[in-house]
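The values are calculated or read from the model by the stated rules, or taken from the named source; none is laboratory data. As the structure is a computational prediction, the values presented were derived from the model and not from experiment. For neighbour counting, all protein chains shown are included, and Cβ atoms are generated from backbone atoms with ideal geometry for every residue, glycine included. To get the accessible areas, we keep the full protein, side chains included, count just its heavy atoms, and leave off ligands, DNA and RNA. Shrake-Rupley method; radii C 1.70, N 1.55, O 1.52, S 1.80 Å.
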Amino acid sequence: MSLSRRRFLVCAAAAAAAVPITRLLAQPKFARNPFSLGVASGYPSPDGAVLWTRLAPDPLAGGGMPGAAVEVAWEIAADGGFRQIALRGKERAAPQWAHSVHAEVAGLAPGRWYFYRFHAGGTTSPVGRFRTAPAPGAAAKRLAFAFASCQQYEQGYYAAYRHMAAEDLDLVVHLGDYIYESSWGRNHVRKHEAGEPVTLAEYRNRYACYKSDPDLQAAHSAFPWLVTWDDHEVQNDYANDRSQFAHPRDKFLARRAAAYQAYYEHMPLPRRMAPRGPDMQIYTRWDYGALARFHVLDDRQYRDHQVCPRPERGGGSNVVSPADCPGIAQPGRTLLGAAQEAWLNEGLGASAARWNVVAQQTVMAQVDRFPGEGQSFWTDGWDGYPAARELLLQHIAGTKVANPVVIGGDVHTAVVADLKADFNDPRSPVVATEFVGTSIASQGISQKSLETWRAENPHIRYANSSRRGYTAVELTAKRCVARLRTVNEKSNESPVDTLAAWTVEDGKPGAQRGS
Ligand SMILES: [Fe+2]
């Protein structure tokens, strides 16, 4: 054993030993509201959910908590007035995890709405609510969910979340870019008021900045969420252990560890997803009775590096033609990593659900980006990993997975597409339907570029980046209806409208316009 390895073990043992002796404050005194970041729930099961909060009386400056653990009580009731208490419990909010709480509750009835709140130091949190999932295999009539992504705080208000909170939903799915590490874009309506985060303390403050928004808090308290991340939760365009600027690997992994920990601390994630250093498994399955199975993916942490990056960077995305960058088509290149690919194939193959929703970050359909002869692909999305995409879509076709619907984000543009095993062959059958949501706040691609998307890619049925918002989806045994709900993000008072609606009929991949 090398000296440095032995020293590491000693440090690790000391750190592990330190945890149990952290002081516990049963009745702390808070000078200000410790529930400044709201409450959230996630991952509802047939008998419970994860309940989240974080104690942060001074949220934008490290939280403002003492260096001791604090006891947090939670209660769940069948009514919003907390007269019919269903469950009560206590958690330790530890300084090592930014005094966040991830209470995993169990013992509730399936398919029921419940209300929850927290108490600490004589203060009571806002009330949240969640609905437990139906019993396993139960014939659920309807699942209504919204999916969202890309909420650059400076570029817009979260009017979309205020309207989402008022909808009749069972679930929200977030597909990444929950925070942005960098300041960019036009016509800012507000500011991060801090530079790009690198350390854990800096990422915590960035989450606190975003989560201080009351409309985002309203959407969290109204419904349980499932979440996955994209790149901006760490750094634009990062791939696995490589930063977009090809920074030294160990430095970048330290940054990734900080970013992942802050993500865990601010999301209603189960404790099994807690990070271990720079590693954190968030891909997972979620079942809604016999009606739907969600396959929630992570396409950032395990991917091969992007091919043919811009030479001045050494990493990150580029737009290339396969003729100039033959490596793009190399078999074996992976976006999900071998373990997640095997897990996904197995979960799709074994699913007995009526609808199989693949919840992931980016556009899955092939998108030739430039007009005219030849093809040009953006290397950061599935287009940079065409062999992996082809295998996945062939698997979906071959195993006859029931009603596969892929949902995505990332491009700040609403897209409806037919997914095919071979996008270059017009006779290749449609094997799955894709809905990509517009962004909550991040600025969109130019409408002129989208005209090229449509002209060059006949399998793209719709592309619109003119408005910000979210997608509201209603699943029944017969149909999946996706409504594009949009706002003007520059106004906090913006009304919401339905820009378009698309429907998938049971057993018939590919969406049709209308609802
Ligand atoms: Fe984004």
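Somewhere in segment 261-275, is a residue within 16 Å of the ligand (Cβ to nearest atom), under 15 Å from the mean Cα position of the chain (by Cα) and open to solvent by 10 Å² or more (accessible area, probe 1.4 Å)?
Within segment 261-275, none of the residues are within 16 Å of the ligand (Cβ to nearest atom), under 15 Å from the mean Cα position of the chain (by Cα) and open to solvent by 10 Å² or more (accessible area, probe 1.4 Å).
Does Ser212 satisfy the criteria of being farther than 30 Å from Thr476 by Cβ, within 16 Å of the ligand (Cβ to nearest atom), among the polar types (S, T, N, Q) and open to solvent by 10 Å² or more (accessible area, probe 1.4 Å)?
Criteria not met by Ser212.
Return only the number of the condition from (1) open to solvent by 40 Å² or more (accessible area, probe 1.4 Å); (2) under 28 Å from Leu200 (Cα atoms); (3) at pLDDT 95 or above that Cys11 does not satisfy.
In the conditions (1) open to solvent by 40 Å² or more (accessible area, probe 1.4 Å); (2) under 28 Å from Leu200 (Cα atoms); (3) at pLDDT 95 or above, Cys11 misses (3) alone.
Name every residue in segment 95-127 that is open to solvent by less than 60 Å² (accessible area, probe 1.4 Å) and among the polar types (S, T, N, Q), in order of residue number.
Matches in segment 95-127: Ser100, Thr123, Ser125.
Give the residues of segment 161-180 that are within 15 Å of the ligand (Cβ to nearest atom) and closer than 13 Å to Ala441 by Cα, sorted by residue number.
Matches in segment 161-180: Gly176, Asp177, Tyr178, Ile179, Tyr180.
Here are Gly42, Gly80: which of them is among the small types (Gly, Ala, Ser), under 24 Å from Leu169 (Cβ atoms) and open to solvent by less than 30 Å² (accessible area, probe 1.4 Å)?
Answer to the check: Gly42.
Quickly run through segment 345-368 and pick out the residues that are crowded, with 20+ Cβ neighbours inside 10 Å and in a helix (DSSP H, G or I).
Result: Leu348, single match.
Within segment 183-198, is there a residue that is assigned to a loop (DSSP other than H, G, I, E, B), within 16 Å of the ligand (Cβ to nearest atom) and either touching a strand residue (DSSP E or B) at 6+ places or on another chain (Cβ under 7 Å) or of a type in the set (Gly, Ala, Ser) (or both)?
yes
If you scan segment 85-104, which residues turn out to be under 22 Å from the mean Cα position of the chain (by Cα) and farther than 20 Å from Pro34 by Cα?
Glu104 - this is the single residue of segment 85-104 that is under 22 Å from the mean Cα position of the chain (by Cα) and farther than 20 Å from Pro34 by Cα.
Within the group Thr503, Thr471, Thr476, Thr452, which residue is hydroxyl-bearing (Ser, Thr, Tyr) and in contact with a Pro (Cβ under 9 Å, 6 or more places away or on another chain)?
Answer to the selection: Thr452.
Do any residues in segment 280-293 that are in contact (Cβ under 8 Å) with a residue 40 or more places away in the chain and among the acidic types (Asp, Glu) have Cβ atoms under 9 Å from those of residues that are crowded, with 21+ Cβ neighbours inside 10 Å and part of a strand (DSSP E or B), where the two are at least six apart or on different chains, and which pairs are they?
As it stands, the answer is Asp287/Arg293; Asp287/Phe294, since those pairs meet every condition given.
Take segment 182-213 and flag every residue that is among the small types (Gly, Ala, Ser) and touching a Pro at 6+ places or on another chain (Cβ under 9 Å).
Ala208, Ser212, listed by residue number.
Pick from Phe130, Phe147: which is within 27 Å of the chain's Cα centre (by Cα), among the aromatic types (Phe, Trp, Tyr), crowded, with 23+ Cβ neighbours inside 10 Å and more than 16 Å from the ligand (Cβ to nearest atom)?
Exactly one of Phe130, Phe147 is within 27 Å of the chain's Cα centre (by Cα), among the aromatic types (Phe, Trp, Tyr), crowded, with 23+ Cβ neighbours inside 10 Å and more than 16 Å from the ligand (Cβ to nearest atom), namely Phe130.
Taking interchain pairs and intrachain pairs at least six residues apart, which have beta carbon atoms under 6 angstrom, with the first residue in segment 217-232 and part of a strand (DSSP E or B) and the second of a type in the set (A, V, I, L, M) and within 16 Å of the ligand (Cβ to nearest atom)?
Leu226/Val173
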